[in-house]
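To keep things clear, I will list the structure first and then write my remarks on it.
The values are calculated or read from the model by the stated rules, or taken from the named source; none is laboratory data. This is a predicted model, so every value here is computed, not measured. We place every Cβ from the backbone using ideal geometry, glycine too, and count neighbours over all the protein chains shown.
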């Protein structure tokens with residue numbers, strides 16, 4: 001890594017491919033002009049090259065290639081949570097697939113079957129779907145995120161999609177937008193009419209995990225500096241300790257991150273903080289070990305959870321959660337919603353002393369925090 005800053009991971013991209021039907025879109029042209037990179041036209045419904053034929057081995061190469069194309073499916077749909085664990089009723093806005101960063105634990109390695117960094121440029125359809133959902137369900141409150149299948153801001157220097165989304169959501173009465181990232185790319189958020197309806201969020205971890213397991217991501221300093229800047233612009237912010245990873249001196253690592261977080265960010269500006277221990281589908285372990293043989297995160301004892309994912313044994317999860325939760329509660333504002341992502345009522349009760357139903361359920365808890 002050579003000490004290079006990866007505040008803006010879009011620097012990793014060195015070539016662009018464009019689906020023929022998208023080349024004349026003004027949005028496509030704007031992206032190409034900003035990128036100033038060589039590009040190649042691809043027949044409609046075609047693919048840039050044959051990197052997908054050896055998908056996992058070509059994933060690193062694919063992350064250097066941006067494919068601008070049409071989304072022929074749905075942009076807007078519910079988060080694919082599992083019924084076995086408490087879900088937060090998040091709504092996913094799918095703006096693209098994959099990301100130029102390369103986290104050892106990233107589920108997309110096993111979830112996707114193509115290595116390219118895909119971005120959908122037919123934004124007219126995107127906003128039409130949002131209009132239909134929000135306006136036809138005016139009494140419902142939507143928490144919308146773009147960070148499920150990609151990083152929300154990793155390539156925002158090129159796409160400037162954040163400008164379009166933030167200004168749009170700023171005019172809505174029944175929605176908030178969460179932009180979740182591991183980058184420090186927030187310059188485009190200045191001067192937008194966000195009206196308090198966009199929440200900018202960062203994934204955080206122990207410093208050693210961020211350095212070793214989150215390749216081409218912004219450092220802790222860069223993430224917190226970006227968050228501090230967003231607070232200065234009037235944005236609400238959020239943080240996600242997910243995945244929490246058991247590692248040598250993990251107590252010191254997570255305590256250090258939480259200390260730094262509250263030194264830089266006013267507690268009252270933080271809307272929510274999620275906690276989720278490392279979990280993965282079985283196929284990810286083989287892929288992760290093959291791609292990152294020096295990583296140790298998969299070489300621990302795991303048990304199969306109710307959702308079929310490998311998880312730490314419950315006593316170990318509880319130990320991790322209790323320590324981090326107690327660190328947070330010493331500093332967090334009473335208005336900040338601290339919650340578990342995909343955990344059982346038993347874990348909630350053992351760590352936090354209540355179950356979500358006691359407070360109206362996770363969606364209600366988060367809606368309340370998002371509206372505040």
Does segment 302-309 contain at least one residue that is in a helix (DSSP H, G or I), touching a helix residue (DSSP H, G or I) at 6+ places or on another chain (Cβ under 8 Å) and either at pLDDT below 95 or crowded, with 20+ Cβ neighbours inside 10 Å (or both)? no
Go through the residues of segment 355-370 one by one and say whether even a single one is closer than 23 Å to residue 251 by Cα and either in contact with a strand residue (DSSP E or B) (Cβ under 9 Å, 6 or more places away or on another chain) or at pLDDT 95 or above (or both). no
Selection over segment 310-343 where residues are crowded, with 17+ Cβ neighbours inside 10 Å, touching a strand residue (DSSP E or B) at 6+ places or on another chain (Cβ under 9 Å) and either in contact (Cβ under 8 Å) with a residue 60 or more places away in the chain or assigned to a loop (DSSP other than H, G, I, E, B) (or both) yields a count of 14
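Just wondering, is there one or more residues in segment 38-50 that are at pLDDT 95 or above, assigned to a loop (DSSP other than H, G, I, E, B) and under 30 Å from residue 142 (Cβ atoms)?
Looking for residues that are at pLDDT 95 or above, assigned to a loop (DSSP other than H, G, I, E, B) and under 30 Å from residue 142 (Cβ atoms), one finds none in segment 38-50, hence no.
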Failed item, numbered, when residue 364 is tested on (1) surrounded by 14 or more Cβ atoms within 10 Å (Cβ to Cβ); (2) over 22 Å from residue 268 (Cβ atoms); (3) in contact with a helix residue (DSSP H, G or I) (Cβ under 9 Å, 6 or more places away or on another chain): (2)
Checking the conditions here, which among 122, 94, 98 is on the phi > 0 side of the Ramachandran plot and modelled with pLDDT of 95 or more? 98
